[in-house]
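Worksheet: one structure, shown below.
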Amino acid sequence: MFYNKNILFAGNKSGLSEANYMKLKPISNDLCQVYFFEEDLDRYKIGRFEEISTGNPAFEQALTDAIDTAENEIGFAAKGRRIEISAYPTGERIFYLTIRILSDVHIICRLKDFEDVIMLCRSLRKSTSARLLHDGEVYYLDICTGGQEAKNINSLISEFGELVTEAEGAKLVCEDAMDTIKSFF
């Protein structure tokens, strides 16, 4: 069995837990492995590998502590970044995570109508962020997303506007356009 999930990691709100038994193995600047042993699973009250999911508060705390420990011990900076987590069992009560920092891609879309801005924002995934800019009669949505999602967004953009390389001269309307537009419209 294998677990894989893309998330935006905001950091640990509660601070690091007392002791860390997990072992860290840096692979590259954007990839590291974290090994969890029986002691770690007992500490986080995780009974077996199948209990790993982002809906499980115990696993989420273990994951948060692992990422914070990786930053503190080996300089693996994932806070505020989009990451991909994969988990692999290596024994009955031992597993490891790979944590990959995903590179962000900026896609700029020119839209002629604010209604198109609303419809495009509603169509985009929650993990996508965007800034809204305006220049006269034209709106620009500067979309920040991971590389895998960029292909889907490019095909979606053609339904509402057109892909451009820059939004020169446009004034910033909203820094957090996705959440703002979705909450009002």
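The values are calculated or read from the model by the stated rules, or taken from the named source; none is laboratory data. Quick caveat: nothing in here was measured; it's all calculated off a predicted structure. Every residue, glycine among them, receives a Cβ derived from its backbone with ideal geometry; neighbour counts consider all protein chains shown. Just the protein is used for accessible areas: all its heavy atoms, side chains included, with ligands, DNA and RNA removed. Shrake-Rupley method; radii C 1.70, N 1.55, O 1.52, S 1.80 Å.
Applying a 10 Å radius around every beta-carbon, put 129-135, 43-49 in order of their mean neighbour count, most first. Show your work: numbers first, answer last.
On the way: 129-135: 19.9, 43-49: 16.3.
In descending order of packing, they fall as 129-135, 43-49.
Each of V138 and A150 was given a label point 7 Å from its Cα along the Cα-to-Cβ line. The distance between the two points is 2.2 nm. The aspartates and glutamates whose alpha-carbon is closer than 16 Å to the alpha-carbon of K79, local same-chain residues fewer than 8 away aside, are D30, E60, D65, D68, E71, D104. Per residue, the stretch 35-146 exposes an accessible area of 47 Å² to a 1.4 Å probe, with every protein chain left in place.
Listed peptides 58-69, 102-113 appear in the order 58-69, 102-113 once ranked by packing, highest mean of other Cβ atoms within 10 Å at the front.
Measuring r between the beta carbons of S86 and D42 and using R0 = 30 Å, the FRET efficiency lands at 0.85. At a Förster distance of 30 Å, what's the computed FRET efficiency of N56 paired with F185, Cβ-Cβ distance as r, to 0.05? With R0 = 30 Å, the Cβ-Cβ based efficiency is 0.35.
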